[in-house]
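Throughout, read-outs are computed from the coordinates displayed, never taken from laboratory work. These numbers come from a predicted model, not from an experiment. Counting neighbours? That spans all protein chains shown, and the Cβs are built from the backbone with ideal geometry, glycine included.
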């Protein structure tokens, strides 16, 4: 079965990247998965931009675009499992999350929010990525565990934003970005100690996977967010303790900030529940310069393939074949 690509086009005549020749789609349907372009204040037809200097207006436009693309893909907003939000200033979070919470009321996605130095153009203050899964059983939908609300919590105590800690969507498991926060969102452990934050996060990961009937062996890919590259050795030591036997595909990113200044580390986990044999993992070469603990260059989990980005091995970049 071929993937279905929605609103395919080229950026050369767009508002965002005029003169750049780049073919892309606004959404791709691959089996039960819907992958959606990062939504911003840019119009879906590429003709203009909404909300310059106004992050909340950009969020409104982005959420309207997200709904349109999800529905054009044959899915519903309630099928959204994971969102990642990107803002260019920490204070914008208080402006954009009420908008997201209103549009996704009752959906309760898992989410990770990071503050970055810049987005693709100077006028962009906000962008949202969403991962959507069409449920096999429309009536049952997805299973969402440990529903909670940001209001009254440690991160955003004044914002009405409902989410889940883990979602089981067909065979896929999506986990809320984990930090040194307790799973009820009320307490934080590890201020000034990134390694402790990583340990708390990984203990939470074990608990959430068990909630969904899975285990650490089902993990396929992790993405880590650090606010200081100098913390990498201490954090890697913790990750190695929990994940060396698993060998996931890994992406590590240095960001400007996380949800609060106390947070130095956050981890996203993507897992697929094994239904028989273990996932097929192709290890990275032993001389990878940036991998200090055992990882994979690719993980095949049933019909799904997760691939590590090229990283240095020896004195050159490895070919991932």
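Kindly rank 103-110, 276-283 from highest to lowest mean number of other beta carbons found within 10 Å of each residue.
103-110, 276-283
For a modelled paramagnetic label at residue 158, 7 Å from Cα along Cα-to-Cβ, the residues of the stretch 96-131 in reach, with backbone nitrogen under 16 Å, are 96-99.
Between the stretch 70-103 and the stretch 1-57, the C-alpha centres lie 16 angstrom from each other. Contact order, relative form, for the chain: 13 percent (alpha carbon pairs under 8 Å, 6 or more residues apart, mean separation divided by residue count).
Let me have the 222 nm mean residue ellipticity of the chain computed from DSSP H runs of 4+ only, each contributing -39500 (n - 2.57), with the sum over all residues rounded to the nearest 500.
Details: 4 runs with 59 residues, N = 321.
Helix contribution divided over all residues of the chain: -6000 deg cm²/dmol.
The separation of the stretch 135-170 from the stretch 186-259, counted between C-alpha centres, amounts to 20 Å. Computing Rg and the Kirkwood Rh from the Cα coordinates of the stretch 76-146 gives a ratio, Rg/Rh, of 1.04. Taking every DSSP bridge with both residues inside the stretch 1-142, close to 80 percent are antiparallel. Across 271, 198, 64, mean-square fluctuation computed from a Gaussian network of the chain (C-alpha pairs under 10 Å connected) peaks at 64.
Expressed as a rounded percentage, what relative contact order does the stretch 1-142 have, with Cα pairs under 8 Å and six or more residues apart? Could the numbers behind the result be given before it?
Numbers: 274 pairs, mean separation 37.6, N = 142.
It comes to 26 percent, rounded to a whole number.
Projected label points at residue 228 and residue 90, each 7 Å from Cα along the beta carbon direction, are separated by 1.4 nanometres. Of the residues 144, 247, 300, the one that moves most in a GNM of the chain with alpha-carbon contacts below 10 Å is 300.
Given a Förster radius of 25 Å and the C-beta distance between residue 45 and residue 116 as r, what FRET efficiency does 1/(1 + (r/R0)^6) yield to the nearest 0.05? It would help to have the intermediate numbers written out before the result.
On the way: r = 26 Å, r/R0 = 1.04.
Efficiency for this residue pair is about 0.45.
Estimated at 0.36 nm per residue, the fully extended path between residue 292 and residue 207 surpasses their Cα-Cα distance by 28.1 nm. For the stretch 177-307, relative contact order (Cα pairs under 8 Å, six or more residues apart, normalised by length) works out to 28 percent. DSSP assigns beta bridges within the chain; of those with both partners inside it, close to 80 percent run antiparallel.
If you average 1/r across every pair of different Cα atoms in the chain and take the reciprocal, what Kirkwood value do you get, in Å?
Numbers: mean 1/r = 0.0490 Å⁻¹.
That comes to 20.4 Å for the chain.
When a/c reaches 1.5 or more, the comparison of a/b and b/c decides; with that in mind, is the stretch 114-208 rounded, prolate or oblate per its Cα gyration tensor? Taking the square roots of the gyration eigenvalues as a ≥ b ≥ c, the stretch 114-208 is oblate. Using a simple spin-label model with pseudo-atoms 7 Å out from Cα toward Cβ, residue 260 and residue 307 lie 4.0 nm apart. Of the three principal axes defined by the Cα atoms of the stretch 177-307, the extents in descending order read 41, 36, 22 Å.
Taking a quarter of the surface of the Cα convex hull of the stretch 176-249 gives a mean projected area of 4.9 nm².
The C-alpha atoms of the stretch 1-142 occupy a region whose extents along the principal axes are 42, 36, 20 Å, arranged from largest to smallest.
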